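Let me begin by presenting the structure, written as structure tokens, before commenting on it.
The values are calculated or read from the model by the stated rules, or taken from the named source; none is laboratory data. Quick caveat, the model's predicted, so the values are computed rather than measured. Methodologically, a virtual Cβ is constructed for each residue, glycine included, from the backbone with ideal geometry; neighbour enumeration extends over all protein chains shown. Ligands, DNA and RNA are stripped out before the accessible areas are found, and what is left, the full protein with its side chains, is counted by its heavy atoms. Shrake-Rupley method; radii C 1.70, N 1.55, O 1.52, S 1.80 Å.
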Amino acid sequence: MSDRKRDMAIPSGRTMPSEERLTPPVWPEGRTAPPNGRFSLIGTRTRKIEGLAKATGQAIYADDIRLPRMLHAKLLRSIHAHARIRAIDASVALAMPGVHAVITGKDLPEFYGIIPWTQDEQALCEEKARYVGDAIAAVAAETELLAEEALRAIRVDYEPLPAVMSIDEALAHPERRVNEKSAEGNISKQVHLAFGDVEAGLAASAATVEAEYWYEGSTHTPIEPHCCVADFDSAGLLTLWSSTQVAHYLHRDLARVLKLPTERIRVIQPVVGGAFGGKSEPFSLEFCAAKLAMITGRPVKILYTREEVFYAHRGRHPMRMRYRTGVTREGKLTAVDAKIAIDGGAYSSFGLVTTYYSGQLLTAPYEMPAYRFDSTRVFTNKPCCGPKRGHGSVQPRFAFECQLDKLAEAVGLDPIELRRRNLMPANSRTVNGMRVTSNGFPLCLDAVERASGWRDKFRRLPYGRGVGIAGSMYISGTNYCIYPNEMPQSGVQLKLDRSGRATVFCGASDIGQGSDSLLALIVCEELGLTLRDVRVVAADTDLTPVDLGSYSSRETFMVGNACLDAARKLRHEIAETLARRWGCARDQVVLANGVACSTRDAAKETASVREAFQWTEARIGTLGSVGWYQTPKLGGDYRGGTIGASPAYSFTAHVVEVDCDPETGFVEVKKVWIAHDCGRALSPVAVEGQMEGSAYMGLAEALLEEQVFKPAAPHHGPGLHHGPSLLDYRIPTSLDVPEFMSIIIESLDPEGPYGAKEAGEGPLHPSIPALANAIYDALGIRCDALPFSPPRIMQLLAAGDARARWAAARPKVLARAAMTDAKRAR
């Protein structure tokens with residue numbers, strides 16, 4: 001059950017100028033304004049356009065695709081965490097009836113990787129396996145069962161090597177080189193950046209807090225496993241259907257690895273059953289299915305098992321973080337110093353970006369006079385980590401928001417009050433040079449404080465019960481494409497039919513977040529159509545303009561702006577046609593709910609939208625348009641200064657209320673209040689769904705999830721997953737989910753489509769630290785390591801007199817809060 005409220009914040013000031021770059025037209029009415037003076041669909045509680053097909057089983061997922069003569073393929077995976085591959089004998093497998101082909105690393109030798117500067121993976125390991133589950137060979141056969149039997153017939157001669165299974169081992173043993181592409185030992189990436197005089201700031205502080213935090217790794221657990229189908233036709237055209245969320249990047253890497261021209265490859269994304277970042281780069285199955293289809297001349301499908309999904313991974317990086325933070329007696333931050341060690345697994349993936357994000361995305365929504373971070377990502381012999389919802393910044397946000405609560409206690413301030421005293425304003429820059437336009441974070445704090453009854457609960461509830469607060473910010477898309485170029489980040493083609501229908505073509509990847517519905521909503525709003533009158537064709541590299549994919553919460557801002565650009569071009573032509581026909585001004589023409597009319601005389605000057613389309617086609621010809629979006633140049637003027645730069649940032653605040661059992665260590669989350677500044681909520685239902693889904697995932701990581709691996713034992717070596725199934729890997733069921741209250745804050749970003757910003761990842765960040773801070777309010781223990789499981793809670797309770805600390809924490813804060821209230825009253 002969810003209570004829902006909406007607040008409005010109007011941004012003050014003007015957007016700061018940025019260096020000129022390719023940008024879409026600036027419309028006279030601005031990007032935030034409704035087309036007819038008021039909205040007809042935007043901001044209303046509409047359905048998702050694909051929702052009915054999913055609910056009734058009509059949606060087509062990758063595994064639903066069946067092609068004539070289709071073969072099934074399976075991947076042979078390493079049984080060792082670290083081993084040299086001396087030889088592979090597939091002769092027995094190849095001799096089995098119904099087995100059509102076996103490929104190994106020698107058939108796909110090209111290295112690839114989502115980041116052009118760190119391409120260190122092969123579709124199949126050629127010389128060395130780097131984790132248990134690393135793909136070594138692939139078999140194509142008539143059935144899945146036969147392919148699995150053929151895998152068991154392949155003999156691999158391994159030379160086991162010493163494995164590196166932790167951050168400390170990676171740093172201590174550079175000679176045990178996990179990844180030969182590393183420039184130094186087991187270092188994947190190092191970033192050291194400093195802004196201002198950190199040591200002077202800490203020295204001048206009235207109070208400093210130094211603490212170490214551990215964030216355990218977790219994985220995505222989408223409902224749909226990875227799946228693809230490849231078909232190589234007689235004309236030499238490769239078509240790949242894949243449950244990817246980055247069709248464009250997959251298209252490019254297929255060409256690279258298979259040595260095919262990009263124009264001979266078509267990538268189609270069917271309906272995707274969840275991803276959360278876990279399908280945001282190419283995987284072995286796509287290359288292997290394509291290569292096997294090319295060899296056999298028959299379509300090939302590969303469907304991962306649930307166990308394979310756990311080993312494919314690309315989930316949340318484990319991080320060890322040490323923070324030193326200072327504050328004045330009045331509660332103003334003086335300096336922040338961070339040292340972060342990141343376990344990246346065996347390959348780079350998005351690791352270069354992760355290492356920067358771990359520091360770059362911490363500098364709002366609070367002003368920091370001085371900030372320094374030193375982040376090191378290391379290679380280990382475990383499945384590769386990558387981007388999971390809130391990529392790279394969830395872990396540091398957990399640590400820093402816990403730091404803020406400790407600082408508040410040190411100077412006797414209410415945690416919300418301390419955060420208020422450090423708020424950064426709208427239309428400003430962070431200490432590391434990131435431009436902030438709209439900023440509804442102050443209203444987010446106000447909203448959760450009011451809705452949760454914070455002042456009646458904080459430090460006032462009985463032992464075992466408590467509330468905690470945390471805040472955050474997140475990007476609305478990245479400033480630059482993953483590979484350097486000056487072309488638009490997103491494009492849309494729009495076609496209007498004489499029947500009154502519209503078809504939108506866009507490369508955007510809908511992975512459940514509703515980007516298809518976003519396109520339809522904007523077209524309906526601009527052209528006066530209803531949702532059933534719009535068809536969306538998405539993520540087909542043959543048919544749709546390029547969109548870079550569904551990652552970094554970019555779709556609403558970037559795809560939305562591209563669609564708005566295309567729709568407004570046609571709307572202006574239609575309005576011009578009607579203005580000429582009726583003799584009115586163009587801005588007097590209204591298109592809404594299937595009807596066109598003028599505000600001058602709506603009774604006489606009226607027509608259907610279908611007629612308006614036909615009259616416009618008669619005036620200018622076939623109706624079609626293109627729209628696109630490219631970010632302005634953003635970021636700081638230093639190496640890495642563009643990583644973390646975004647055209648807009650969302651802001652979030654959470655209050656979590658808990659009921660903890662000191663006898664068992666069990667933590668029950670009773671309710672979560674979520675206030676999220678999404679600019680403008682184009683679809684409030686979708687925004688609320690993203691807010692609640694984000695909070696759910698954050699709480700799951702905090703309380704339950706662990707992507708951990710077994711040490712060596714007498715019957716197996718190191719590196720086996722502790723429980724690669726949905727039975728053993730614990731995620732919350734519907735019975736474990738608390739009550740959520742979603743509060744939408746609308747700050748109307750001047751550059752977003754109708755003022756919109758992201759809502760898909762930002763709302764996850766505060767849930768973990770807010771829960772940790774609530775546990776401290778309830779029990780007097782600091783949960784600085786994830787997960788907050790009953791054994792860990794009991795261990796913390798046994799480590800000291802928690803109840804005495806709980807009692808001692810109350811009088812000072814309550815007295816200071818009373819003084820603050822008195823000052824406000826005066």
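What are the semi-axes of the equivalent ellipsoid of region 264-375, taken as the square roots of 5 times the eigenvalues of the Cα gyration tensor, listed largest first and rounded to whole Å?
Numbers: eigenvalues 384, 39, 29 Å².
In descending order, the three semi-axes are 44, 14, 12 Å.
What whole-number volume per residue, in cubic angstrom, does the convex hull of the C-alpha atoms of region 212-277 give? Could you put the intermediate results ahead of the total?
Values: hull volume 7.2 nm³, N = 66.
Considering the Cα atoms of region 212-277, their hull volume per residue is 108 Å³.
Lys/Arg Cβ at +1, Asp/Glu Cβ at -1, dipole of the chain taken about the Cα centre: which of ALA170, SER553, TYR371 is farthest positive-ward?
In the chain, that residue is TYR371.
Can you tell me, using C-alpha contacts under 8 Å and at least 6 residues apart, the relative contact order of region 625-782 as a whole percent? Present the calculation step by step, with values, prior to reporting the outcome.
On the way: 251 pairs, mean separation 52.9, N = 158.
About 33 percent, as a whole number.
Hey, got the Cα dimensions of region 412-462 along the principal axes, in Å, largest first?
Principal extents (Cα only, largest first): 44, 23, 12 Å.
What's the local net charge at SER509, with K and R +1, D and E -1, over the other residues with C-beta under 12 Å away? Mind dumping the intermediate values first?
Details: positive: LYS279, ARG554; negative: ASP510, ASP516, ASP540, ASP547, GLU555.
The answer is -3.
Would you be so kind as to identify which of LEU41, MET96, TRP117 lies farthest towards the positive end of the dipole of region 35-183, taking Lys and Arg as +1 and Asp and Glu as -1 on Cβ and the Cα centre as origin?
Farthest along the dipole direction, towards plus: LEU41.
Just tell me which aspartates and glutamates come within less than 12 Å, Cα to Cα, of LYS671; anything on the same chain fewer than 8 places away is out.
The qualifying aspartates and glutamates are ASP3, GLU657, ASP659, GLU692, ASP736, GLU739.
Report the Cα-based extents of region 555-655 along its three principal axes, largest first, to the nearest Å.
Sorted from largest, the Cα extents of region 555-655 read 60, 40, 20 Å.
Counting alpha carbon pairs within less than 8 Å and at least 6 residues apart, what relative contact order, in whole percent, applies to the chain?
Details: 2129 pairs, mean separation 145.3, N = 826.
About 18 percent, as a whole number.
Only helices at least 20 Å long along their axis, Cα-based, and averaging -1.0 or more on Kyte-Doolittle count here, so list those DSSP H runs from the chain. Let's see the in-between values first.
Values: long enough: 394-410 (24 Å, -0.13); 560-582 (32 Å, -0.60); 684-703 (28 Å, 0.41); 802-825 (35 Å, -0.38).
Once both thresholds are applied, what remains is 394-410, 560-582, 684-703, 802-825.
Can you give me the Cα centroid spacing of region 506-564 and region 730-767 in angstrom?
So the two Cα centres are separated by 20 Å.
Run the dipole for region 363-484 about the Cα centre, Lys and Arg Cβ at +1, Asp and Glu Cβ at -1, nothing else charged, and hand back the magnitude in debye, nearest 20.
Computed charge dipole of region 363-484: roughly 260 debye.
How large a share of the accessible area of region 337-441, in percent, is made up of carbon and sulfur atoms when the probe is 1.4 Å and the other protein chains stay in place?
Numbers: 770 of 1510 Å².
Summing carbon and sulfur atoms, their accessible area is 51 percent of the total for region 337-441.
Is the C-alpha gyration tensor of region 605-695 telling us rounded, prolate or oblate? Criteria: a/c under 1.5 is rounded; beyond that, a/b larger than b/c is prolate, otherwise oblate. Intermediate values should be presented prior to the final figure.
On the way: a/c = 4.85, a/b = 1.79, b/c = 2.70.
In terms of gyration-tensor shape, oblate.
Roughly how many debye, to the nearest 20, is the charge dipole of region 173-280 about its Cα centre, given +1 on each Lys and Arg Cβ, -1 on each Asp and Glu Cβ, and no other charges? Numbers along the way, then the final one.
Values: 10 positive and 13 negative charges, 134 e Å.
Charge dipole, region 173-280, about its Cα centre: 640 debye, nearest 20.
Please compute the contact order of region 117-199 in relative form: average sequence separation of alpha-carbon pairs under 8 Å and at least six residues apart, divided by the residue count, as a percent. Can you show the working numbers first?
Values: 49 pairs, mean separation 15.3, N = 83.
In percent, rounded to a whole number, it is 18.
Let me know the shape class of region 625-775, please: from the alpha-carbon gyration tensor, a ≥ b ≥ c as square roots of the eigenvalues, rounded when a/c is under 1.5, otherwise prolate if a/b is greater than b/c, or oblate. It would help to have the intermediate numbers written out before the result.
Values: a/c = 2.36, a/b = 1.48, b/c = 1.59.
Since a/c reaches 1.5 but b/c is at least a/b, the shape of region 625-775 is classed as oblate.
Which value, in Å², gives the accessible area per residue of region 42-97 when a 1.4 Å probe is used on the protein heavy atoms? Walk me through the numbers on the way to the answer.
Details: 3200 Å² over 56 residues.
Heavy-atom SASA per residue in region 42-97 reads 57 Å².
Putting +1 on Lys and Arg Cβ atoms and -1 on Asp and Glu Cβ atoms, find which of GLN395, SER515, ALA575 reaches farthest to the positive end of the dipole of the chain.
So the residue furthest toward the plus end is ALA575.
Give me the percent of accessible area attributable to carbon and sulfur for region 35-162, probe 1.4 angstrom.
Working: 3250 of 6070 Å².
Here carbon and sulfur together make up 53 percent of the probe-accessible area.
Please say if region 686-809 is rounded, prolate or oblate, where rounded means a/c under 1.5 for a ≥ b ≥ c the square roots of the C-alpha gyration tensor eigenvalues, and otherwise the choice is prolate for a/b larger than b/c and oblate otherwise? It would help to have the intermediate numbers written out before the result.
Values: a/c = 2.61, a/b = 1.33, b/c = 1.96.
It comes out oblate by the Cα gyration axes.
So how long is each side of the chain along the principal axes, counting just the alpha-carbon atoms, biggest first, in Å?
So the extents along the principal axes, rounded to whole Å, are 83, 76, 49.
At 222 nm, what helix-only mean residue ellipticity would the chain give, in deg cm²/dmol to the nearest 500, using -39500 (n - 2.57) for each DSSP H run of four or more?
Taking each H run of at least 4 residues, the total per residue is -8500 deg cm²/dmol.
Just how large is the dipole of region 439-598 about the Cα centre, in debye to the nearest 20, putting +1 at every Lys and Arg Cβ and -1 at every Asp and Glu Cβ?
Computed about the Cα centre, the dipole is about 660 debye.
With a 1.4 Å probe and all protein chains left in place, how much accessible area per residue does region 631-671 have, in Å²? Please list the in-between numbers first.
On the way: 1440 Å² over 41 residues.
Ligands and nucleic acids excluded, the result is 35 Å² per residue.
Over region 533-684, with every protein chain in place, what whole percent of the accessible area is carbon and sulfur at 1.4 Å, could you tell me? Show your work: numbers first, answer last.
On the way: 2400 of 5300 Å².
Of the solvent-accessible surface of region 533-684, carbon and sulfur hold 45 percent.
Any idea of the accessible area per residue across region 193-343, 1.4 Å probe, to the nearest Å²?
Details: 4510 Å² over 151 residues.
Per-residue value: 30 Å².
Using a Cα-Cα cut-off of under 27 Å, which lysines could be cross-linked to LYS301, ignoring same-chain neighbours fewer than 8 residues away?
Straight-line reach from LYS301, under 27 Å: LYS54, LYS74, LYS106, LYS128, LYS259, LYS279, LYS291, LYS382, LYS388.
With all protein chains present and a 1.4 Å probe, how do MET368, MET165 order by accessible area, largest first? List each step's numbers first, then the result.
Working: MET368 15, MET165 40 Å².
From most accessible down to least: MET165, MET368.
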